[in-house]
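One structure is given here, and the rest of the page talks about it.
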Amino acid sequence: MTRADHVNPQNGLPVPLKGGCACGAVRFEAIAEPIRVGLCHCMTCRKKHGSAFNPFVVFQFEDVLIGGALQSWRSSEHATRLSCATCASPICYQEDAGTEIELNLGSFDDTSLFAPQYENWTVHRETWLPALGIPTRATDSDFQKRHLANA
Ligand SMILES: [Zn+2]
Ligand SMILES: [Zn+2]
């Protein structure tokens, strides 16, 4: 975590993008801009986050640095979720075979930098949520089988 802050001239996003857990014991930086931003309604995301949905920001694994003690949980046969070992804030989601890492939108110091570009698992979407006008997927089966075990 030694790279100096600067603003990406192409899109204005500050790089690195910084964030961390609620207690401050875990901090992370993303040293490149995200690949995409999604929103998941799957039951595991909802339970894990204690929320009705989970907005997440996807980066290449090698572009993210994480510091601090973490606890891990195998949330499916093919993926692990890491949380702060002290306050249990969710930090990231990683698939065993993937080259990406999902950080949680709400973990960033500036949460206004990102907006979801698509929604997954809308079969579980709450009826009180207004439409966002972005592409939706009823499950995740057509999108890298993400969270497949949570159908
Ligand atoms: Zn913490
Ligand atoms: Zn999910």
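The values are calculated or read from the model by the stated rules, or taken from the named source; none is laboratory data. A quick note: this is a predicted structure, and the numbers were derived from the prediction, not measured. For neighbour counting, all protein chains shown are included, and Cβ atoms are generated from backbone atoms with ideal geometry for every residue, glycine included.
Counting only strands (runs of 3 or more DSSP E) that sit completely within the stretch 11-115, those holding 1 or more residues that are closer than 30 Å to GLU126 by Cα correspond to 17-20, 36-40, 54-60, 70-76, 79-84, 90-95, 100-104. Of the residues making up the stretch 77-112, just one is surrounded by fewer than 18 Cβ atoms within 10 Å (Cβ to Cβ), modelled with pLDDT under 95 and of a type in the set (A, V, I, L, M), namely ALA97.
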